[in-house]
Amino acid sequence: MGVTSIVLATRNQGKISEFRRLLSSVSLEIHTPEDFPNGPEVAETAATLEGNARLKAQAWRDHTGLPALADDTGLEVDLLDGRPGVLSARFAGVGATDAMNRTLLLEQLRDHPDAASRTARFRTVIVFAGEVEEAFHGVCDGLITPHECGDGGFGYDCVFQPTAEARTFAEMTADEKNLISHRGKALRRATAWLSKMVESEE
Ligand code: IMP
């Protein structure tokens, strides 16, 4: 099965630019939902990150006829027994903004000022859905900061400080984040696999 073009099954501009950066090494034509104005809105109803990524990739493959790449990401906070996890986008309720989710997170950890106790990890699963389906995983460990720091990135970036780093993701350049991030790791695995699929077309 050769692959020459794909559609990214996300409307999140932060994710789209991270995908584009890392996929630039593969000779693939990249489409986004903006190219398909009637594309599906996919409800994230699965119980796992992989299940949700699969739902999004399959829906966009079926709508466009192109192979699709989707990711689902969760932030697991140890003091909250792994929450918000698969519910990270809806932590402060359905329709919550990133800012509302971050405020709730910092509020729930307010009674735990000891930095070492505020361990957390981002987990990403990327699913490719074409004639075949493949899943790629990536994890990034770190700490939840006491306050928001930095104005880059998106989502929980300004409250997440990766292990062995003095800065949050939001204080890093896009390339610095991609090098160590959950999505960067999963995407490099996906890219290596996709390169082989592209070569089999050539
Ligand atoms: P989803 O994968 O789009 O469902 O994202 C789940 C939640 O995690 C949303 O609130 C996103 O804003 C957030 N999120 C996803 N990826 C990242 C990231 O790389 N950094 C910070 N927040 C993220």
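Tabulated data for the structure shown
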quantity	calculated
Residues (assigned to a strand (DSSP E or B), within 28 Å of HIS63 (Cα to Cα) and in contact (Cβ under 8 Å) with a residue 60 or more places away in the chain) located in segment 104-134	ARG123, THR124, VAL125, ILE126, VAL127, PHE128, ALA129, GLU133
Residue within segment 80-103 that is more than 24 Å from VAL159 (Cα to Cα) and part of a loop (DSSP other than H, G, I, E, B) present	no
Candidate set: segment 168-180, residues that are at pLDDT 95 or above and in contact with a Ser or Thr (Cβ under 8 Å, 6 or more places away or on another chain); chosen: the one nearest to the ligand (Cβ to nearest atom)	PHE169
Candidates THR48, THR103, THR73, THR64, filtered to the one that is closer than 20 Å to ARG183 by Cα, surrounded by 15 or more Cβ atoms within 10 Å (Cβ to Cβ) and polar (S, T, N, Q)	THR73
Matching residues in segment 135-167 - criterion: being within 11 Å of the ligand (Cβ to nearest atom) and either under 30 Å from ARG61 (Cβ atoms) or assigned to a loop (DSSP other than H, G, I, E, B) (or both)	GLY138, CYS140, GLY152, GLY153, PHE154, GLY155, TYR156, ASP157
Segment 1-34: number of residues that are under 22 Å from ARG54 (Cβ atoms), more than 14 Å from the chain's Cα centre (by Cα) and without any contact (Cβ under 8 Å) to a residue 40 or more places away in the chain	4
Count of residues meeting criterion [acidic (Asp, Glu) and farther than 26 Å from ALA99 by Cβ] in segment 146-202	3
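The values are calculated or read from the model by the stated rules, or taken from the named source; none is laboratory data. Just so you know, these numbers come straight off a predicted model, no measurement behind them. Every residue, glycine as well, gets a Cβ built from its backbone with ideal geometry; the counts of neighbours run over all protein chains shown.
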